[in-house]
Structures are given as C-alpha cells and as structure tokens.
Amino acid sequence: MAFLADALSRVKISATIAITQKARDLKAEGRDVISLSVGEPDFDTPDNVKEAAIAAIRRGETKYTPVSGIPQLREAIVRKFKRENELDYKASQTIVSTGGKHVIYNALLSTLNPGDEVICVAPYWVSYPEMVSLCGGTPVIVSAIQANEFKLQPEDLERAITPKTKWIIMNSPSNPSGAAYSWDEMKKLTDVLVRHPHVWVLTDDMYEHLTYGDFKFVTPVQVEPNLYDRTLTMNGVSKAYAMTGWRIGYAAGPIELIKAMDMVQGQQTSGTSSVSQWAAVEALDGTQEHLPVFKKAFEGRRDLIVSMLNQTNLLECPKPEGAFYVYPSCAAAIGKTAPSGKVIENDEDFVSELLSTEAVAAVHGSAFGLGPNFRISYATSDANLEEAGKRIQRFCANLR
C-alpha cells in the first residue's frame, strides 16, 4: 500500500515558486540576481490599513472568528461589490478565506465529483488545473493564443463545453499575460455561457484595480446578470492593496455554494486571521488614494519593459491591458545555442539559460499552459527593470 495519495501524482510543483526559490539560492551564492518571477507588489501596505490592524490588536480583536469571516468584513465586501461592480449581494452570500487560492480551492472541493470537467484558459495561473486535479476533477485546457491577444474566443469556448463541464475559470486581467476583456469581449463569452445553464462561472478578479490607460474593468455577472445564480465572483486585497502576506481573499455567490464552502473551510482552517480581516475592512472601506499612485507606477513600468523587450533580438512582446505581467514570445530563439553551448529547445530552456547566464529570473510559458513564451513580473523598481532589460537584450544578442 502506497503511503502518499494517488492525487499527488496528478499535481506538479508550482513553477513560479520553484523559479523564485532557485533565484533565492543563486542570490545566497553571491550572484546579483534580478527576480522577475514573483507575482507580488513591491510597494508597502498602505499606512491606513496597517494602523487599522494595530488598532484591532489593541482592542483585543485576536480571537477566533466566524468561519466565513467577521460580519464587518462581509458587509464591507457587500459594499465593495455594489460600489465598484454594480452587484447586489447579502452578507450571507459572501465568504472570507486565507487568500484567493483558498477561495478557489474551497469552491472546487465543494462541487467537483470524479469526471467533472473544468475549463481553464491557457495561459492560465499555474494553480488552476492543479487544484482541479487535486479536487478530483478534470481540467480542460483551451488555448487563447497570442494572435488573439491571449483572450478566449467565443467559438473556442463553445467547442470546449460538454455535458460534463461544471465550471469555467475566468481571470481578467490575466496572470500571466495581463490580458483583460472589454465589455464587448466579455459579452460574447457570456452569451455562450447563457446557452449552457449547467456551466458555472468562477471569476478571478484579483487584478481588477490594475488596468491601464482608458481600459475599464468588467466582471461577468456585471455584463450578464442572467449568470448571477451560477457565478462565484472572487477577489482579494493582495495585489491592489499590497497585502500579499495578510492572506485575505473573498468571494460572493449563490447562498447554497457559500454554505458548502463554509462547511469545507470549517473543517480545514476555520476563519482566517482576525487581525488581517480588520485590516481588510479598512482596505475596502477606507481611502483609496494609493490606487492611482500604484497604477501610474505599474503603467510606467509596463511601458518600459515592453519597449525594451520589443527592442530585443528574437523577442516579441504584446502590451497588456492590466495586472503587472508581460508575456513575451521567445519563439525565434528556439533552436539557437546559448553561450553555455546548450541548444534552446523550448521556453523552459530559454528561462533556465537566462537565469544561469545573466542572473535574470523569469517563468517559462509552458508552466502556464502556453508557449513558447515566458512571464515577466514588472512589480519591481524601474532601475531593476532597466537593468534586467539590458541583461535580456545581451543574452539574446549572444544566442547563435
């Protein structure tokens, strides 16, 4: 009898975590590594949020909380969805979990049976298909190619839906591509979903506030209210509020699903950190004056790295609408020989050689289900980005 669960054989280690750890190891050896692999803002948590957490500690808000979250945060979530997304929920339709990943995992664990299919749009966040597999479902990968700006096309969605489809996971703006759907683009997808009432929608809106230029964010139920009764809308405070370590994700959806997720969470972690929840109340209800500052900085960084990559031999980099990632193609580098003598056979070879040769850490696109591309996070300083861009240009210039 094997000791480890068979489910583990269906799951891969997170590529983003693995690359980030390899970069840390090289730094520990004394290499001057620039890590562009981690999906974490380099900004500090806003002061008003930190002060709210300190005040909560001083008030003694340090006990267990209700599994689904403190009432004050659930009400703040209701206000947020109404104010920013024109969505009406009751507090009982919301849940607070230990990060957005926990929300998604609980939803899948609560609903999937063996044989159930979940549509994941490639390039996807590395955890989506792995969580589906861990929960006993079958990930169905649908590619959103670079020629379509990494956006799912309605005809491809239609073809992917079968009688076994239970969920589609949508992510706009996207990790890893930064692609985001306009109202019209989203409407074409929701029109397909309306025709298939057995398919539920799990929308990951974690990068909602990080869109650039004149782009206007929309979420599926906002565009198509007929999906309200079968959509879980997930968000959190990690990215837009620079609160990754606080571990707060939240969602709203049909009460039956929320109750099921509450039951699952009650047997896993129970309620998340009480202090973090009080900080999240302030994040959602308090001043939002940091948001335009963050957005301006990220937009400038996006423009800088896109420009440098598009001036690089063998690379092509689309300009995304949101998040803090770019997803350049290294297709022209496949078959070239690196300075080490290694022939680059795929995007994983490309990022591995880039790291060992120039000490720049990025994540290969095949980890996100679509190559030959690689993901760069520009959630770092302009100086780091400029130096990294120079190193990438030098690396590509030395390919033969």
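The values are calculated or read from the model by the stated rules, or taken from the named source; none is laboratory data. Values in this document were obtained by computation on a predicted structure and should not be read as measured data. Virtual Cβ from ideal backbone geometry, glycine too; neighbours counted across all protein chains shown. Side chains included, ligands, DNA and RNA excluded: accessible areas come from the protein's heavy atoms. Shrake-Rupley method; radii C 1.70, N 1.55, O 1.52, S 1.80 Å.
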With all protein chains present, the chain has a carbon and sulfur share of its accessible area (1.4 Å probe) in percent of 52
Taking Cα atoms, the helix 290-310 axis meets the longest principal axis of the chain at an angle in degrees (rounded to 10) of 30
For region 336-400, the convex hull over Cα atoms projects on average to an area in nm² of 4.1
Using alpha carbon centers only, region 223-258 is separated from region 37-103 by a whole-angstrom value of 11
The lysines whose Cα lies under 17 Å from the Cα of Lys22, excluding any fewer than 8 residues away in the same chain, are Lys12
For Asn171, the residues 5 or more places away or on another chain with a placed amide H closer than 5 Å to its own amide H are Asp204
Applied in sequence order to region 212-222, the curve 6.51 cos²θ - 1.76 cosθ + 1.60 (Karplus, θ = phi - 60°) yields integer Hz couplings, x standing for Gly and Pro, of 10, x, 9, 5, 10, 5, 9, 10, x, 5, 4
Karplus-derived 3J(HN,Hα) from phi for region 83-96 (6.51 cos²θ - 1.76 cosθ + 1.60, θ = phi - 60°), whole Hz, x at Gly and Pro, runs 5, 9, 10, 6, 10, 9, 10, 8, 4, 5, 9, 10, 8, 10
Residues whose modelled amide H sits under 5 Å from the amide H of Tyr325, counting only those 5 or more places away in sequence or on another chain, are Tyr378
Most packed first (mean Cβ within 10 Å per residue), the peptides 306-312, 258-264 order as 258-264, 306-312
Answer in debye to the nearest 20: the dipole magnitude of region 34-91 about its Cα centre, from +1 Lys/Arg and -1 Asp/Glu charges placed on Cβ, is 440
Rounded to two decimals, the Debye log10 I(q)/I(0) of region 125-193 (Cα scatterers, no solvent) at q = 0.13, 0.19, 0.26, 0.29 Å⁻¹ is -0.38, -0.83, -1.38, -1.47
Gyration tensor (Cα only) of region 56-200 to equivalent ellipsoid, semi-axes in Å sorted down, yields 31, 19, 15
Taking 383-395, 360-372, 50-62 and ranking on average Cβ neighbours within 10 Å, highest first, one gets 360-372, 383-395, 50-62
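Probe of 1.4 angstrom, ligands and nucleic acids ignored: what's the accessible area per residue over region 224-298, in square angstrom?
37
Considering only protein heavy atoms, what per residue accessible area in square angstrom results for region 24-108 with a 1.4 angstrom probe?
51
How many Å³ per residue does the convex hull of the Cα positions in region 128-282 occupy?
On the way: hull volume 21.2 nm³, N = 155.
For region 128-282, the hull spanned by Cα atoms encloses 137 Å³ per residue.
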Going through Lys80/Lys101; Lys63/Lys295; Lys319/Lys342; Lys216/Lys296 one by one, the pairs whose alpha carbons sit over 27 Å apart turn out to be Lys63/Lys295; Lys319/Lys342
Square roots of five times the C-alpha gyration tensor eigenvalues of region 34-125, ordered largest first and given in whole Å, equal 28, 22, 15
Stokes-Einstein, Kirkwood over Cα pairs, the chain, 20 °C, 1.002 mPa s; D in µm²/s equals 98
Per the helix-only model, the chain has a calculated mean residue ellipticity at 222 nm (DSSP H runs of ≥4, -39500 (n - 2.57) each, divided over all residues, rounded to the nearest 500) of -12000 deg cm²/dmol
Of the convex hull drawn through the C-alpha atoms of region 155-236, the volume per residue in Å³ is 97
Result for region 148-206: accessible area per residue, probe 1.4 angstrom, in square angstrom, of 38
Across 10 Å bins beginning at 0, the whole-percent shares of Cα-Cα pair distances in region 207-324 come to 11, 30, 32, 19, 8, 1
With 0.36 nm assigned to each residue of separation and the Cα-Cα distance removed, Asn48 to Asn313 gains 90.9 nm
